[in-house]
């Protein structure tokens, strides 16, 4: 797991969230989970998927299917308010609208949605 510390800790947080949500819902296990992970997190979905499959053996998500959706990065112009989605972070990104560096306003989120809890 060398070099995957960020992904490893994120996976632990996700699995803890799944366990807590499943417990509150009275579910013994979870069969399918949808994760939305912002591209600003810089987490390769295949790496996260691998770690979740290994770590989930210790909790309610054992054997669950993990659907990972990447959230685009959304920049906002500080002058005119124009919003623009991009695939990757570009420091100092400035569109033609006002030629001022935009600020990333979305793309850092991690959300967990349990799609198939098992009683």
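Annotations
- Stretch gain in nm, segment residue 17-residue 72, where the contour uses 0.36 nm per residue and the Cα spacing is subtracted: 17.5 nm
- Full extension of the chain segment joining residue 83 with residue 50 gains 8.5 nm, where the gain is 0.36 nm per residue of separation less the Cα-Cα distance.
- FRET E, pair residue 109, residue 58, Förster distance 22 Å, beta-carbon r, rounded to 0.05: 0.30
- Percent RCO, i.e. relative contact order, over the chain, from Cα pairs under 8 Å lying at least 6 residues apart: 35
- Mean residue ellipticity, 222 nm, helices only, the chain: the sum of -39500 (n - 2.57) across DSSP H runs of n ≥ 4, divided by residue count and rounded to 500, is -8500 deg cm²/dmol.
- In the chain, the longest principal axis of the Cα atoms and the axis of helix 45-55 are about 20 degrees apart.
- Sorted by Cβ neighbour density within 10 Å, fewest at the top, the residues 77, 97: 97, 77
- Most simply put, the chain has about 70% antiparallel DSSP beta bridges, counting only bridges with both residues inside it.
- The alpha carbon convex hull volume per residue for region 1-51 rounds to 86 Å³.
- Ranking of 115, 15, 74 by neighbouring Cβ atoms within 10 Å, starting from the fewest: 115, 74, 15.
- Estimated translational D of region 5-118 in µm²/s (Stokes, Kirkwood radius over Cα pairs; 20 °C; 1.002 mPa s): 139
- 0 to 90° range, to nearest 10: angle between helix 5-24 axis and the chain longest Cα axis: 60
Each value in this text was obtained by applying a stated rule to the coordinates, not by laboratory testing. Source: prediction; values computed, not measured. Note that each Cβ is placed from the backbone with ideal geometry, even for glycine, and that neighbours are counted across all protein chains shown.
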